[in-house]
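One structure is given below, encoded as structure tokens.
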Amino acid sequence: MRKKSFSLEKSVFKLIVLIIIAILLNWLKHYPFLIENLYTNGFYLYWSTLLRFVFGQIPFAIGDLFYAVFIIFLIYSVFKSIKSIIKSRNKGAEGIKRGLKFINFTLLFYLIFQLSWGINYARPNFNSTLNLSADYYEKADLINLADLLIAKINKIDYSKVKGLRINDHSTLIKNAQSDFQNLKLNNPQTKYLFPSVKPSLSSIGLSKFGLEGYYNPFTGEANVNRLLPAVTLPFTYAHEIAHQMSFAREDEASFMAYIAGIKSNNLSSKYSAYFAALNYVLFELYKIDPKQFQEVYNLTPHNFKSDFNEERTFWKQHRSFLFDYMSSMIDSFLKVNQQETGILSYREVVIWIYNYHKNELPAKR
Ligand SMILES: [Zn+2]
């Protein structure tokens, strides 16, 4: 009996400590520049480099295994807890003890996630770091932006792009790494030492969720869905590496991948970036005005259309019922299925792309 009450006290104490740390962390998030200096370019820079150095030595995505073991452990623990509550003479006390343990564990998991990467969500956005305005676009702006991207795609010699299009994992990593270094941004993250990008062990699973890759903050590994059509791979690698480089938000990772790609000396990276951007812009246009989307889509070059269809076919083949729960732009071209998160994240990346190219667009009347 004594032992039990002691353990309960310990759990309550742990809970209070964890809650205080969580409150402090969330308070700190109100100071983006402090986060940038102390965390992103301080602790996170060294911590993520160390994680990549250690886990990058392992040739497969060990983070995928961690997650699998973690899920099995979680299910086992829930069953064990239910069993011990049923068996216990004092069900109420046992229930409280087990419940507290579960809450503490969840809080600890949340804090480790935050400390190992998640705090980066609170960094200042591109308004300040890249001096980019965040003006909203109208339908006419989207059409002009699509025209501009089509013109840029037309300038790329597609026969060379096809020859450079590869599936080779280490070359894709090297290309993305040098593309970021090429940007010569005054940002220590873009030096990106010790790359750790791996084909996900569950690429089929990722495809069923409509995912192109994901970042594992616990091992610092970027995992890429290796089944994706080759046209999307350079952009996807760059996007996942941008997550590793502290660009936690989806729109920011995509925009970093976009500028790294369009400034790349490699035509395959360049085309992949414009391809992704035009997809985003067309998707936005489709949501606003499907008829206008069709008109602009008809203006895209033949090669773009064939790549666009290849990607669409890929998602059609791999999608499952899970797909409907994830936002996906390809699927949304086929059916109007507006989902909050997807709409927001795409819209934000289009805002950055629009503001980046605003000076190249026809002046507003
Ligand atoms: Zn992402």
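Structure above, values below:
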| quantity | calculated |
| --- | --- |
| Boolean, Y76 is surrounded by 13 or more Cβ atoms within 10 Å (Cβ to Cβ) and either in contact with a strand residue (DSSP E or B) (Cβ under 9 Å, 6 or more places away or on another chain) or assigned to a helix (DSSP H, G or I) (or both) | no |
| Output for the stretch 198-227, where each listed residue is of a type in the set (A, V, I, L, M) and within 13 Å of the ligand (Cβ to nearest atom) | L206, L211, A222, V224 |
| Search result, residues across the stretch 118-146 that are of a type in the set (F, W, Y) and either outside any loop (DSSP other than H, G, I, E, B) or under 23 Å from the mean Cα position of the chain (by Cα) (or both) | Y121, F126, Y136 |
| Criterion violated by E252 - all others in (1) within 14 Å of the ligand (Cβ to nearest atom); (2) farther than 23 Å from V349 by Cα satisfied | (2) |
| Flag for L193 being aliphatic (A, V, I, L, M), under 19 Å from the mean Cα position of the chain (by Cα) and not in a helix (DSSP H, G or I) | no |
| Residue among Y46, Y67, Y39 that alone is touching a helix residue (DSSP H, G or I) at 6+ places or on another chain (Cβ under 8 Å) and either part of a helix (DSSP H, G or I) or surrounded by 15 or more Cβ atoms within 10 Å (Cβ to Cβ) (or both) | Y39 |
| The one condition in (1) at positive phi; (2) touching a residue at least 12 places away in the same chain (Cβ under 8 Å) that E212 fails to fulfil | (1) |
| Residue within the stretch 107-115 that is crowded, with 17+ Cβ neighbours inside 10 Å, of a type in the set (F, W, Y) and in contact (Cβ under 8 Å) with a residue 40 or more places away in the chain present | no |
| Test: residue in the stretch 89-97 that is under 21 Å from the mean Cα position of the chain (by Cα), part of a helix (DSSP H, G or I) and surrounded by 15 or more Cβ atoms within 10 Å (Cβ to Cβ) | no |
| Residue match in the stretch 147-160 (condition: assigned to a loop (DSSP other than H, G, I, E, B) and not polar (S, T, N, Q)) | yes |
| Test result for T313, without any contact (Cβ under 8 Å) to a residue 40 or more places away in the chain and within 13 Å of the ligand (Cβ to nearest atom) | no |
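Read-outs: derived from the displayed coordinates by stated rules, not from any lab. Here the structure is a predicted model, which means the values were calculated and not measured. Cβ: placed from backbone, ideal geometry, glycine included. Neighbour counts: every protein chain shown.
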